[in-house]
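Notes follow once the structure below has been shown.
The values are calculated or read from the model by the stated rules, or taken from the named source; none is laboratory data. Given the structure is predicted, the values throughout are model-derived calculations rather than measurements. Using ideal geometry, Cβ is built from the backbone for each residue, glycine included, and neighbour counts are taken over all protein chains shown. Only protein heavy atoms, including side chains, enter the accessible area calculation; ligands, DNA and RNA are left aside. Shrake-Rupley method; radii C 1.70, N 1.55, O 1.52, S 1.80 Å.
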Amino acid sequence: DETAANAPAAGPAARPFDAASAFGARRGVMDMAISPDGKRLAVVIPRPVGGEAVTVLNLDGDARPQLALTSKGITEQVHGCHWVSNERLLCRVWFAEGAGRSTNVFTRSVALNADGSNAKVIGTTKASNASYRATYGGSVIDLNGGGDGVVLLQRQFVPGMGTGTLIRNSLEGIGVVRIDTATGRETVVEQPKLTMERFIADGSGKVRIMGLQPR
C-alpha cells in the first residue's frame, strides 16, 4: 500500500512528566565566576556520578571546557570559586569524615591554577602540635589583598600545644590574614579572638567592620 509505505515511522512514546524527579533534579549550574580580564569563566556543574566539577571556559573564541577540580559528592562538595587573578582560582570545598553521629564536617579553601595545577589548601593551621582540628577553612573578604593572587581571608586560628601543658601558640578564634594564594605565605591583619564572628573589608585591602558574638 503506497499510503502505508510513505507514512512516517512511529517514534518512541513520550515519557510522562515525573514531578518528583523534576523536583529532586540538581541545578545544571551550581556557581559561576568570571575572571578579572573578562576572558575566562569558571563554572561549577554537577557530575553525573555525584559531586561537582569546576570547568573553565575561554570566552575569546575557544569554547572547549578545561577541567580544573572535581569532588566525590557524598563526602566532598565544591560550594563555589573566586578568581583571585586572571590565572588562579580559590574554591571553597566542603567535606565530611566519619558516619552517623560521629560525622565531622569541615570546610577548606583550595587555591589552584585554571588548569588544575599548583593546587594548595590555604588558610588552615598546619602545625602538627595543634590542640584540635580546625573545622572552618576560611572565607574571602577582599579579593584585592595587595598583589596578584593576594587576598584577605578570614580564617580559624587553633592554638598549638607544647610539652605537657605548655602553650607555644595562643592564637585562637577567627582572625584575618593577607595570603598569597600561589605560595601560601600569610601575614596576620586582624588578631583572632574567640568572640569574633565575621569581618568586612572595603574592597581595597582594608578591614573596616568586625562582628562580635559574646560567648
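Consider the range 128-154 and keep the residues that are modelled with pLDDT of 90 or more and among the aliphatic types (A, V, I, L, M). The one that is nearest to Asp37 (Cα to Cα) is Leu143. Scanning the range 58-75 for residues that are over 16 Å from Ser117 (Cα atoms) and among the aliphatic types (A, V, I, L, M), we see that the one that is nearest to the chain's Cα centre (by Cα) is Ile74.
Applying the criterion of being under 18 Å from Gly24 (Cα atoms) and of a type in the set (A, V, I, L, M, F, W, C) to the residues of the range 35-66, the residue that is least open to solvent (accessible area, probe 1.4 Å) is Ile45. Is it true that Pro16 is open to solvent by 70 Å² or more (accessible area, probe 1.4 Å) and closer than 30 Å to Thr103 by Cβ? Answer is no for this residue. Scanning the range 99-140 for residues that are of a type in the set (Lys, Arg) and open to solvent by 50 Å² or more (accessible area, probe 1.4 Å) gives Arg101, Lys120, Lys126, Arg133. For the range 100-127, the candidate set comprises residues that are assigned to a strand (DSSP E or B) and polar (S, T, N, Q); within that set, the residue that is modelled with the lowest pLDDT is Asn104. The set of residues in the range 155-183 being polar (S, T, N, Q) and either open to solvent by 20 Å² or more (accessible area, probe 1.4 Å) or modelled with pLDDT under 85 (or both) consists of Gln156, Thr163, Thr165, Asn169, Ser170, Thr183.
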